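Enquirer: Structure below; questions to follow.
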Amino acid sequence: MVTLDREDIDALAVRVAELLEQRQARSTVPLVDAAEIARRFGTDRAWVYSHADELGAVKLGTGPKARLRFDPQIVLERVENRSKSEGRKSTRKRAKSKRSRNRNTARLLPIKGSGIS
């Protein structure tokens with residue numbers, strides 16, 4: 001059995017109040033539609049819809065044509081994370097292609113009549 005004194009209960013109450021305040025602040029962020037996300041991020045609605053899951057879309061309704069809404073802050077975080085991971089991938093590809101070019105040390109055949117051997 002655990003017993004709590006008055007200070008413990010007060011500390012718990014303060015922490016619960018903080019958590020509720022944070023939750024309420026998150027829930028009051030206005031969700032926006034795909035057109036607004038496209039405008040803010042310089043893309044088109046088709047791209048937003050095709051990447052809706054990656055961008056954290058919230059589905060309003062249950063049908064196949066349920067409207068989608070987005071939290072702009074979550075979209076920003078996910079786009080930034082995606083950009084960082086794509087940057088690492090492209091760096092690896094460039095490094096690999098440089099190595100493969102350096103391995104090609106075969107001599108070329110001379111071109112007739114060019115004076116180059």
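Taken together, the values in this text are just the output of simple stated rules run on the coordinates, not laboratory data. Just so it is clear, the structure is predicted and the values come from calculations on it, not from any experiment. All Cβ positions, glycine included, derive from the backbone under ideal geometry; neighbour counts span all protein chains shown.
Enquirer: Quick check: pseudo-label points 7 Å beyond the Cα along Cα→Cβ at residue 32 and residue 17, how many nm apart are they?
Expert: 3.4
Enquirer: Compute the distance in nm between two label points, each set 7 Å from the Cα along the Cα-to-Cβ direction, one at residue 8 and one at residue 108.
Expert: According to this spin-label approximation, the distance is 8.2 nm.
Enquirer: Sticking with this one: Multiplying the sequence separation of residue 82 and residue 1 by 0.36 nm and subtracting their Cα-Cα distance, what value in nm do you get?
Expert: Values: separation 81, 0.36 × 81 = 29.16 nm, distance 4.82 nm.
Stretched fully, the residue 82-residue 1 segment lengthens by 24.3 nm.
Enquirer: Continuing with this model, one more query. Report, largest value first, the span of the C-alpha coordinates of the stretch 1-75 along each principal axis, in whole Å.
Expert: Sorted from largest, the Cα extents of the stretch 1-75 read 58, 27, 17 Å.
Enquirer: Now, a different point. Can you list which of the GluC sites (Glu not before Pro) found in the stretch 2-67 are DSSP loop residues with at most 16 other C-beta atoms within 10 Å? Numbers along the way, then the final one.
Expert: Details: sites: 7, 18, 21, 36, 54; in loops: 54.
Here the sparse-neighbourhood loop sites are 54.
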